[in-house]
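See below for the structure under consideration.
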Amino acid sequence: ACAVAPGEAVLAAAWRELDEETGWGEGELTLVRAGLPVDVDDLVGKQMFHFRVHPFLFDLAQKTEPRLCVEHTEARWVHPDEVLLLTVGRETVPDLDETLARVWDPPAALPPQYRPEARFIFDDRVSGAGELAKRAAVLVLAGAPPERVAALRPTMAPVVNAARAAAHRSRDVLAELTAATLQAAAVARSELRAGMRLATFSRSSTVATALQGAAPLQVLCGLSEPGGEGKLVAAAATAAGHDAEVVPDDQLALRVAAGEVELVLVGADAVLANGEVVNKVGSASLARAAAAGGVPFVVVADDWKTWPDEVPPPLEPSFEVVAAADITRVVGGALTLPS
């Protein structure tokens, strides 16, 4: 555990503290996973403090003993199953078991009856964020703990928002999610015109919905490796009456930079307050290619995709941030973000 310095990224703080307190650096450790933050209240002396804990899971290449700094007197290896008992016995910092659950094996942290669906949400790398948000909401409506469900895909704002909103049984979250997608898709569809040469990347249910009912287009679909979901996007575009072609991701960027398309339209997994967007790896280079080619780079995202925190979401390995300067505009937000 460490304090994050003003202006310091939480991951940078984790790397810094690991080096200071254990002597392990990036040559010995590999980041496996970042988890949804845990909010903890703890009594320090006679005063109650609120902490936000950002969990990270690292893999140590070889089991070497840490080189402790002067802040510590000893260290020992602990099996993950022991953490719960140690936390209950107050032998650890508060809620260490919950913090570990966010990164060690999040589906296994849910009660057994919810684990198969949780595992699907956790492992899925093809479905769009909106689709997984609906599955997350259904899981919470079935009785799964909302924060444990939100923690399954901490990079995807709709999953986090939907899981939390579904805890309020007075709301019809599934209907709200559907309405938001249709609203955003309608706004995105207004960007399209018959015969337009359009490029898209990754698989967005909102983009797919926008293509339905749009006048015939020429659609270039990036293959979107790893996963290759661009093939599914092209098949859906063809079924909707468009002329679709799948191209390797590097070729898509080159053709966009050459000005061979008139518009790049992509979805998003999270929209940040500073105008940046989180999406699949490859999106940032495509946005830069669009800027180089003078091609508008438009992101379609409803308000469920607004990240509900000042600190950016923990990025899964296959996600990255697209700079606000490379985004022409974000369209589709029209509904109130759920709280």
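Tabulated data for the structure shown
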quantity	calculated
Residues of type lysines that residue 134 reaches as a straight line, Cα spacing below 30 Å, ignoring anything fewer than 8 places off in the same chain	231, 280, 305
Orientation-averaged projected area, Cα convex hull of the range 98-198 (nm²)	7.5 nm²
When the convex hull of its Cα atoms is projected in every direction, mean area for the range 160-247 (nm²)	6.3 nm²
Cα centre as origin, Lys/Arg/Asp/Glu Cβ charges: the chain dipole, Debye	1200 debye
Part-to-part distance (alpha-carbon centres) for the range 189-226 and the range 250-303, which is given in Å	12 Å
Average accessible area per residue (Å²) across the chain - probe 1.4 Å, nucleic acids and ligands excluded	48 Å²
Amide H contacts under 5 Å for residue 219, placed H, 5+ residues apart	198, 243, 244, 245
Dipole of the chain, positive end: most advanced residue of 43, 324, 295 [Cβ charges, Cα centre]	295
Accessible surface of the chain [probe 1.4 Å, protein heavy atoms]: carbon and sulfur percent	55 percent
Helix-only [θ]222 nm of the chain, DSSP H runs n ≥ 4, -39500 (n - 2.57) each, per residue, nearest 500	-10000 deg cm²/dmol
Cβ crowding within 10 Å averaged over residues, with 146-153, 163-170, 4-11, 207-214 ranked highest first	146-153, 207-214, 163-170, 4-11
Burial ranking of peptide ranges 20-29, 250-259 (average Cβ count within 10 Å, highest at the top)	250-259, 20-29
For Rg and Dmax of the Cα atoms in Å, calculated from these coordinates, the label among [x] 21.8, 70; [y] 22.2, 64; [z] 21.1, 64	[x]
Sparse-neighbour loop sites [GluC sites (Glu not before Pro); the range 252-339; at most 12 other C-beta within 10 Å; DSSP]	310
Cα gyration tensor, the range 270-339 - rounded (a/c under 1.5), prolate or oblate	oblate
Gyration tensor verdict on the range 199-261 (Cα atoms; rounded if a/c is under 1.5, prolate if a/b is larger than b/c, oblate otherwise)	oblate
Distance from the range 113-134 to the range 52-95 (C-alpha centre basis), Å	30 Å
Potential extension, residue 79-residue 13 segment - 0.36 nm per residue separation minus Cα distance	21.3 nm
Given charges at beta-carbon only (K, R positive; D, E negative), |dipole| of the range 229-339 in Debye	160 debye
Peptides ranked, highest mean first, by Cβ atoms within 10 Å: ranges 280-293, 118-131	280-293, 118-131
Dipole axis of the chain (+1 Lys, Arg; -1 Asp, Glu on Cβ), positive-most option in 56, 140, 154	140
With DNA, RNA and ligands ignored, accessible area of residue 297 (1.4 Å probe; Å², nearest 10)	0 Å²
Beta bridges per DSSP with both ends in the chain, % antiparallel, nearest 5	50 percent
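The values are calculated or read from the model by the stated rules, or taken from the named source; none is laboratory data. Predicted model, so just to flag it, every value in this text is computed and none were measured. Virtual Cβ from ideal backbone geometry, glycine too; neighbours counted across all protein chains shown. With ligands, DNA and RNA removed, areas are computed over all heavy atoms of the protein, side chains included. Shrake-Rupley method; radii C 1.70, N 1.55, O 1.52, S 1.80 Å.
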